[in-house]
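Comments concern the structure below.
The values are calculated or read from the model by the stated rules, or taken from the named source; none is laboratory data. This is a predicted model, so every value here is computed, not measured. As a convention, Cβ positions derive from the backbone with ideal geometry for all residues, glycine included, and neighbour counts pool all protein chains shown. For accessibility, only protein heavy atoms count, side chains too; no ligands or nucleic acids. Shrake-Rupley method; radii C 1.70, N 1.55, O 1.52, S 1.80 Å.
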Amino acid sequence: MNMFNHMIFSFFALTFLFMLKKTAAEGVHAKGINIGAIIDMSSRIGKEQRVAMEIAMKDFYGTGNQTLNLHILDSQRDPVCAALAAMDLINNQQVQAILGPQTWEEALSVAEISSQTQVPILSLADTTPKWATERWPYLLQASPSKQEQMKAIAAIVQSWNWHQVTVIYEGTDSSAIAVTPYLFNALRDVGVGVIQGLVLPTFASTITLSEELEKLKREQSRVFVVHLSFPLAVRLFEKAKKMKMMEKDYVWITTNPITSLVHSNASIISSSMEGIIGVKSYFPEGGHLFHELRQKFRRKFSLQNPKDDNNEPGIYAAEAYDAFWTLAVALNGSNRGGQELLETILQVDFHGLSGKVQFIKFINERAPANRFHIINIIGKSYKELGFWSKGLGFSKTIHENSTYRPCMTDLEQALWPEGPWHTSSRGWIIATSANPWRIGVPGESGYREFVHVEYDHLGNSVAFSGFAIEVFKETIKRLPFTLPYEFIAFKNTSYDELVKQIHLKQKYDAVVGDVVILASRYQLAEFTKPYTETGLMLIVPAQSGNRELSFIRPFTKSMWVLIAVITVYNGFIIWLIERNHCPSLKGSMLHQIGIMLWLAFSTLFSLHGGKMHSNLSRMSMVVWLFVALVITQTYTANLSSMLTVQKLDGAAPNVEALLNSNAVVGYCTGSYLQNYLVDVLRFKTQNIRNYTTLEAYAQALKNKEIAAVFLEVPLAKLFLAKYCRRFVSVGPTYKVGGFGFALPRGSPLLPSIDEALLKVSENGTLLELENRLIKPGNCPDVEDENHSLSPSSFGTLFIITTGTSTISLAIYIFSRANSMLGYTTTWRLMLAAMRFWVCQRQITRRSSNAENSVNNLAPQASGMQSLV
């Protein structure tokens, strides 16, 4: 309020003096055309502008046919003084046009006066809003707009892979406020985020600067873009130097208002601004015209400003010189003014010291600058690193054959506050071996495949494993810099509480685990891109297999094989027994094999007892037909049961069916799903139950405690991989966030980790880890997971039929053997009996012989007996 009152008082006081001066000077007019100028004669910019305008006026005398008078008044960098100066120039000096002032606030105070009096104002401010030229048509932007420099700054930041910056600008400078949106947009276009915008007042106190810098010092990002007036920037860097913020890991980038005055303030920059990268307007300094201006400028500037150390002209001198020549060309040969002069100025087109001078119609401003110097402040001077051109990029030189690159790294090597550039990790503080990155890991996760923490006997975590841990390790390996870290277990089931620890900045710097990316958690932390599939799946008990193959499911594979073996075995025995009684069972080998197989399987489905010729084959057939009858009836009953279960399992395939049936569903303990099921899917609170492990889900579904379970996609895939035959996913996948790594909000490491994570995915490492740690190689064939019958259910029957058939086969073989053995023995006994009878007849006929004959016949009788 005091400042406002002072401005009002100054305005009326100067108005009174102005009226007195006007009365005294009435009727006094200089010959020729009068041109006015309003500058801040106490500033370096104003000093350069004054000298340049005076040189331009003298240079014009040698070429033009018109006498020009230049009237320069001091604005004292005060909008009120600038307005009064404009009134003086218009009313007393009767100027045709006015050059300046330098600041937007001063130009604003003069614009209304110029529009009412139809006197063109050629503003030398860096930026003039478009709405201002529409409101005040006689206000022209004589200096090129510096908005494009923001794209140059964004290109510098992008070149070094900095993804987070802090912008420091002046809050009371309207031109700075008008330009900063262009900077924010340019940074956003190249994927760079602005952590915060620090607004400083023009006359910020030392305490204010210290407090604000201390806040910035606590942040992890150390890249700063400074868009301030030169006096305020000098004070800022002096304070930053004392606070050791001009050292290693800090990056400072300055804009044109600061950088364009570096050449004239060597004594100031030597101690506090070394290592800064700056962007300043480009103008050709090697041309003949500028060479002549430099010689004249040095002599005249040194005479007018003997206390200034540097007498070199800068961009502000070149722009002031061109602005005067713009008016001189427009006024040459005529005494026109007002609207006619305005239209003539807008048609001016020539090449000046600061570049091409040409105005854009309808917006009354000079074509914007599209080339900028990139400099590096070193000692009491600066080093030119190269140039940036709009639409082309960076180059070492500016000429027709210049080579342009999109990245600044191809230019001259920059000297940063701590020395030459070495690694791309600059711009933020990273972890060290002595102070590693603290990674929070869920210590009570129910999914060992994703996160598993092993503890020693004292309860201290000693080992970390799982899919999430391995993915993080592979990601860190692919960062372009070293990042030491350590895992710390979080012994709490609440994942929200774990993420909150990052926001508190007390225990953890990041979180790794089966943590779902949620919008509510973004208030506490930021997340990487998900490293798993995203979504929520509904899991229900599986229907009983493929309907096309349902007919084989009543029996297990081993059961079917055993039935086939026993059937062929029984058929072979019957064929072997009956082949001697039935000529049709004989023939070639191939024919007999076909008859045997037909006989084996035909007996399984029909009775052929009347066709059997052997009691042995009939005995085997009866027992086998009894077993076959039992198996057939069991098969029919089991198949009917399975088809019924299929129909029942398909009764609740989606959420609507579960809601309509008032079914109970399950979800993961400690997750966000409780609120999601109640608020989004509209389940009743009493109809949802939480579980901690995959085994608990399976048991609850098997016992009919719940009808379905909701799991995130990665957990659902793990669950289905483990119980591949019992459960299936049904319905759509509900879109929710997948698993990601959590980092502090605004962390500059986030883009680098995202890029490294993308490399892990693209090179196949992520898929390899998933197959190795989550998906089993083969689905376990657990027999009790379905209702198929195994051989153990028919063990006794198989033993009976196999034993009966085997006994029949043994009897048949023994009888055949005995039959062959019986014919040979009978023939031998008959022959022995005939021989014995012949011997007896001979003994009877010779009984009357002498005893000596009997003695001779005794051995023969003995031989016959032994033969018998």
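Couple of notes before you dig in:
- Cβ crowding within 10 Å averaged over residues, with 476-486, 253-263 ranked highest first: 253-263, 476-486
- Per-residue Karplus couplings for the stretch 247-261, computed as 6.51 cos²θ - 1.76 cosθ + 1.60 with θ equal to phi - 60°, are listed in order as 10, 4, 6, 9, 10, 10, 10, 10, 9, 4, x, 8, 5, 6, 10 Hz, Gly and Pro entered as x.
- Annotation: Cα Rg of the stretch 678-772 relative to the compact-globule expectation 2.2 N^0.38 Å equals 1.40.
- Distant-in-sequence amide contacts of F555, defined by a placed amide H-H separation under 5 Å and a gap of 5 or more residues or a different chain, comprise L789.
- Within a straight-line Cα-Cα reach of under 18 Å, K390 can be paired with the following lysines, leaving aside sequence neighbours fewer than 8 residues apart in one chain: K146, K151, K280, K356.
- Paramagnetic reach from N435 in the stretch 221-256 [backbone N under 18 Å; point 7 Å along Cα→Cβ]: 221-223, 243-251
- Globularity ratio of the stretch 309-409, using Cα Rg and 2.2 N^0.38 Å: 1.39
- The residues of the stretch 97-139 have, on average, 31 Å² of accessible surface per residue, using a 1.4 Å probe with all protein chains present.
- Applying the Karplus relation 6.51 cos²θ - 1.76 cosθ + 1.60 with θ = phi - 60° to the stretch 108-124 yields 3J(HN,Hα) values of 5, 6, 8, 4, 5, 5, 5, 5, 5, 9, 6, 10, x, 10, 9, 6, 9 Hz, where x marks Gly and Pro.
- The chymotrypsin sites (Phe, Trp or Tyr not before Pro) of the stretch 195-260 that meet both conditions, a loop assignment by DSSP and at most 11 other Cβ atoms within 10 Å of the site Cβ, are F203.
- Sites N771 and V728 - FRET efficiency at Förster radius 30 Å, r taken between beta-carbons, to 0.05: 0.90
- Sites T208 and E533 - FRET efficiency at Förster radius 41 Å, r taken between beta-carbons, to 0.05: 0.20
- FRET efficiency estimate (nearest 0.05) - Cβ-Cβ, Y522 to C407, R0 35 angstrom: 0.65
- Extension gain, E762 back to S465 (0.36 nm per residue minus Cα-Cα distance, nm): 104.7 nm
- 20 Å Cα-Cα reach of K242 towards aspartates and glutamates, excluding residues that sit fewer than 8 places from it in its own chain: E211, E212, E214, E219, E274, E418
- Taking a sphere under 10 Å around the Cβ of V515 and counting the other residues whose Cβ falls inside, with K and R at +1 and D and E at -1, yields a net charge of -1.
- Potential lengthening of the chain between N185 and K241 amounts to 17.2 nm, from the contour at 0.36 nm per residue minus the alpha-carbon distance.
- Expressed as a whole percent, the accessible surface of the stretch 32-81 that belongs to carbon and sulfur atoms is 45, based on a 1.4 Å probe.
- Links that overshoot a 24 Å alpha carbon limit, given the list K684/K717; K241/K383; K722/K759: K684/K717; K722/K759
- Cα centroid separation - the stretch 73-140 against the stretch 312-366, whole Å: 15 Å
- Each part reduced to its alpha carbon centroid, the stretch 444-479 and the stretch 231-248 end up 44 Å apart.
- Extension gain, E343 back to R682 (0.36 nm per residue minus Cα-Cα distance, nm): 115.1 nm
- Long-range HN-HN contacts of V728 with modeled amide H, under 5 Å: V540, A542
- Straight-line cross-link partners of K702 among the aspartates and glutamates, defined as a Cα under 14 Å from its Cα and at least 8 positions apart when in the same chain: D649, D784, E785.
- Pairwise label distance in nanometres, K307 with T806, each label 7 Å out on the Cα-Cβ vector: 12.4 nm
- Amide H to amide H distances under 5 Å link G352 with V357, where only residues 5 or more positions off or on other chains count and H is placed in the peptide plane.
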